[in-house]
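Trainee: This structure is in structure tokens; I'll ask about it shortly.
Quick note: the coordinates plus some simple rules give every number you see, no bench work behind them. No experiment lies behind these values; they were computed from the predicted model shown. A quick note on method: Cβ atoms are made from the backbone with ideal geometry, for glycine too, and the neighbour counts reach across all protein chains shown.
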Amino acid sequence: MRLVQSRVCALIVTSLMLVACSSPSSSRLMTSSSLAGSATRDLGDRRVLAGEWDYEELAVVLLTLDEAGNGTYGWKKGQLRTVTLNGLHWEGTWLQEENDREGNFVVELSPDLSEGVGRWWYTRIGDDRAPTAKGGTFHLSRRTSSLTAGDTPPAP
């Protein structure tokens, strides 16, 4: 009886493999890494950063970015500038006019571009161009539109 069961199992497995291998879509199997690769193919386009983001580090601060990935935030008259966007890796600079500080940041975005985790550090505090003060880590979340089902989205 066991021999029959094992042959039946082998026959089923072989049949499934033949069907899977002969299917035209078999070469298009999507792994998480290939999904991320396809989602990030055109992400050098900074327009994907445009919009409002919640910056979370001890408190939530609203970031507003334009289609070049540059923008402002309300804390200490803050400004952000995107330097590079390569796939899901985003690098830039920040400046806070009110407290005379500036620095750099890096963010790793999620494949769907809805959030990211990042790290920031100082490059200048006042006249000190080699500050030893530590930076920090943060989380970004894209703000979702407040459109309802009946609303028409704005033209691009």
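Trainee: Using Cβ contacts closer than 10 Å as the measure, can you line up Phe138, Phe105 from fewest to most?
Mentor: Ranking Phe138, Phe105 by Cβ neighbours within 10 Å, fewest first, gives Phe138, Phe105.
Trainee: Quote the relative contact order of the stretch 42-142 in percent (integer), defining contacts as alpha-carbon pairs under 8 Å separated by 6+ residues.
Mentor: Taking the mean separation of contacting Cα pairs over the length of the stretch 42-142, I get 21 percent.
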